[in-house]
Amino acid sequence: MPSVKRLLRASIEGAPAVVRQRRGPQDESPGRPRHLAIIMDGNGRWAALRGLSRTRGHQAGVLALPRVVDTALEEGIEHLSLFFFSTENWNRPRGEVAALMRLTAQLADVFRGYGERGVRLRWLGSEARLPGATLAALRRAEAETCDNRAMTLAFCFNHGGREEIAHVATCLARASADGALDPGLIDEALFTRHLPHADLPDIDMLVRTSGEQRISNFMLWRAAYAELFFVDTLWPDFTGEELRALLAAFAARKRRFGAGV
């Protein structure tokens, strides 16, 4: 059986070249999310239903990624954030965690191929406990695609929403204690500017697969007004067609941001 890395590379290289320039405000559809985020859940259950190991489920989940990334590109999504591994996932069995680290290093290397299609790869997460090879692959993907503008693809790996907020709070508290910042000036805008990759906008549309209905500590600050979509499909079975149907459902929603009817 071909390796996951080889299959993934073949899938990316065989996709049509869709390179979109960032559109101006006059080209924006009000029904299109600027920032789409996906919690990719269900790999383990997908594997269990087939009598396979959880690692095989994660491999199948990796192979599902190009379908979604290609669709997001074709639909003109500016920012796509994918939740790969949370700060709580270290509690999983050691063998499963090690497999996820290896898969992510391979994934980051292979996904650099999207750079030729104008995709910028970014990593949101903590360096803590990451193996050197995984960390190096994530950093390399960021560096080699930093000038691309067709779409930003954010790898949320070793990410935790609460940890992210606590980190910003610590930075602002230290600045205040040092006299570099008047604490009375701290507001939402200032807080946002201190988030990692502060130019990444708030999430407009958040999708979770596998039927679970929670956001699991994912991008808590940026998800404050996200439209939530929970689907029963297990992540390895999720398709571009299903994503397009969800984008159509998003376009039909009325976003009020607290303004009422």
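Which label marks the calculated value of mean projected area of the Cα convex hull in nm², given the options [x] 18.3; [y] 12.7; [z] 15.9?
Looking at mean projected area of the Cα convex hull in nm² for this model, the match is [z].
Got the relative contact order for region 30-156 handy, in percent, Cα pairs under 8 Å and 6 or more residues apart?
Over region 30-156, the number comes to 29 percent.
So the label point goes 7 Å from the Cα of residue 91 along Cα→C-beta, right? Which residues of region 166-189 then have their backbone N under 19 Å from it?
166
When the chain is modelled as a GNM with alpha-carbon springs shorter than 10 Å, which of 93, 236, 131 fluctuates the most?
Checking each option, the largest mean-square fluctuation is seen for 93.
Quick one: net charge around residue 236, please, counting Lys, Arg +1 and Asp, Glu -1 for every other residue with C-beta under 11 Å from its C-beta.
For residues surrounding residue 236, the net value is +2.
Return the single residue from 181, 82, 243 with maximal mean-square fluctuation; model: Gaussian network over the chain, springs between Cα atoms under 10 Å.
The residue that fluctuates most here is 181.
Between residue 180 and residue 74, what's the calculated FRET efficiency when r is the beta-carbon distance and R0 is 35 Å? Round to 0.05.
Calculated transfer efficiency: 0.15.
By how many nm would the segment from residue 257 to residue 50 grow when fully extended, if each residue of separation counts as 0.36 nm and the alpha-carbon distance is taken off?
70.2 nm
Please give, to one decimal in nm, the separation of the simple spin-label points placed at residue 199 and residue 169, each 7 Å out from Cα toward the Cβ.
Between residue 199 and residue 169, the simple spin-label model gives 2.9 nm.
So which chymotrypsin sites (Phe, Trp or Tyr not before Pro) in region 196-261 pass both tests, a DSSP loop state and at most 14 other Cβ atoms within 10 Å of the Cβ?
Loop-located and lightly packed - 225, 257.
Could you give the longest part of the chain that holds none of the trypsin sites (Lys or Arg not before Pro) found in DSSP loops with at most 15 neighbouring Cβ atoms within 10 Å?
51-128
Each reported figure results from applying straightforward, stated rules to the coordinates on display, with no laboratory input. No experiment lies behind these values; they were computed from the predicted model shown. Every residue, glycine among them, receives a Cβ derived from its backbone with ideal geometry; neighbour counts consider all protein chains shown.
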